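J.: Next up is a structure, given as structure tokens.
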Amino acid sequence: MSLPSSLTLGSLRVDTPVVLAPMAGITNAAYRRLCAEQGAGLYVCEMITSRGLVEGDQHTRDMLVFDELETTRSVQLYGTDPVYVGKAAEILCAEYGVAHIDLNFGCPVPKVTRKGGGGALPWKRGLLGRILEHAVAAAAPYDVPVTMKTRKGIDEDHLTYLDAGRIAQEAGAAAIALHGRTVAQAYSGEADWGAIGELAASVDIPVLGNGDIWEAADAVRMVEQTGAAGVVVGRGCLGRPWLFRDLAAAFGGEEVKTLPTLGEVAAMMRRHAELLCQHMGEERGCKEFRKHVSWYLKGFAAGGEMRRSLGLVDSLAALDALLADLDVDEPFPASELGAPRGRQGSPRSKVVLPEGWLDETDGLGCVLTEDADAGSGG
Ligand SMILES: Cc1cc2nc3c(=O)[nH]c(=O)nc-3n(C[C@H](O)[C@H](O)[C@H](O)COP(=O)(O)O)c2cc1C
């Protein structure tokens, strides 16, 4: 099978079939720019809520920041009310000039599933279709493709992905991304690429495969095994934005495995911090940067004191002073290659759902209360 060299989402063409997974608290304008500097792809903004956007919530508006070089604006939207989602899609197209809207139907966070949102929603097939239709109709006059991102289902006894694929296609979605885990699994265990293959075989729209891509070779293997049109990469690029260089090369038919020395990693850390500070100001930018330190240094010998100090960094000057003490020649730790990173956690014994949620599968009569700030995504 020949590898896809690009990705087509409706009117949008992405030069390499690689999507940065939306990750709350991570995929802000600075991080998207940092990754885009490495290679082509579609770089999706953190999730924002439809209600927050429609009601003019300041926090939501503040998240809709784009880098000056970000020519393809891509945003993930959360919502449970078709009317709100439609209005939010319209705002994103008309006021923010987005080129792609992704809808979140995969979030496993109890605060979200308790209200029937995120990964709980596809159980209500009628409601899912209605939300997609409203988003697609609102975005159509702007020629903006709408995609959905989902999981296999609520748990192994309540799978929804094949229905979701059919519904997405019927509603006019441009693609469906599948994270090969159930909500109950959260981030534990292994992603089921077999389900991605099954979905790809059952729909005509592009399927994007997601889950457990740690190296470019994994992405190639996933596409070869599943027939997916492209991949969505999340945790694998935490502290490793150069993975997008390797991914772009891989889909261009070249095998590249970037193995930066600690000095090169330090330069990437500096660039990341600098971009965060440009977008958020130095104080907040440095604070945001702290959460990335352990991912960048994973597997390197840098000692506890150095890690602690970097985890408290409060200015670019302080960062420079600390980075200057690193052993620039230390080679990249080979033990980290192919190894999981980021959250993994354990499976949930029970997914929190609205009362009686599983009793019927349509949901068009449901009145769901939607937070303006749905929180941590996923
Ligand atoms: C910190 C973090 C935040 C996330 N936030 C979101 C989100 O807002 N929306 C979403 O659809 N998925 C979110 N996810 C899930 C990822 O997009 C992705 O589906 C998941 O991590 C599996 O892919 P991976 O194995 O490549 O990490 C999040 C994941 C992480 C680790």
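J.: What is the number of the single condition among (1) within 16 Å of the ligand (Cβ to nearest atom); (2) on the phi > 0 side of the Ramachandran plot that LYS298 does not meet?
T.: Answer for LYS298: the failing condition is (2).
J.: Among helices (runs of 4 or more DSSP H) lying entirely in segment 272-316, which contain 3 or more residues that are more than 23 Å from the chain's Cα centre (by Cα)?
T.: 304-310
J.: Output the number of residues of segment 85-118 satisfying the condition of being of a type in the set (Phe, Trp, Tyr) and either within 11 Å of the ligand (Cβ to nearest atom) or within 16 Å of MET148 (Cα to Cα) (or both).
T.: Adding up the residues that qualify gives 1.
J.: Of the numbered conditions (1) in contact (Cβ under 8 Å) with a residue 60 or more places away in the chain; (2) closer than 27 Å to THR369 by Cβ; (3) part of a loop (DSSP other than H, G, I, E, B), ALA40 fails exactly one; give the number of that condition.
T.: (2)
J.: Under 18 Å from the mean Cα position of the chain (by Cα), within 16 Å of the ligand (Cβ to nearest atom) and in a loop (DSSP other than H, G, I, E, B): does that describe THR72?
T.: No, not satisfied.
J.: Condition (residue is closer than 30 Å to SER6 by Cα, in contact with a helix residue (DSSP H, G or I) (Cβ under 8 Å, 6 or more places away or on another chain) and either open to solvent by 40 Å² or more (accessible area, probe 1.4 Å) or not aliphatic (A, V, I, L, M) (or both)) applied to segment 285-292: is it met by at least one residue?
T.: Yes, that holds for at least one residue.
J.: Still on this model: Could you please find all residues in segment 208-254 being in contact (Cβ under 8 Å) with a residue 40 or more places away in the chain, in a loop (DSSP other than H, G, I, E, B) and within 29 Å of LEU162 (Cα to Cα)?
T.: ASP212, TRP214, GLU215, GLY227, ALA229, GLY234
J.: Starting from residues that are open to solvent by less than 10 Å² (accessible area, probe 1.4 Å) and part of a helix (DSSP H, G or I), keep the ones in segment 140-167 and report whichever is nearest to ALA120 (Cα to Cα).
T.: ALA164
The values are calculated or read from the model by the stated rules, or taken from the named source; none is laboratory data. Source: prediction; values computed, not measured. All Cβ positions, glycine included, derive from the backbone under ideal geometry; neighbour counts span all protein chains shown. Side chains included, ligands, DNA and RNA excluded: accessible areas come from the protein's heavy atoms. Shrake-Rupley method; radii C 1.70, N 1.55, O 1.52, S 1.80 Å.
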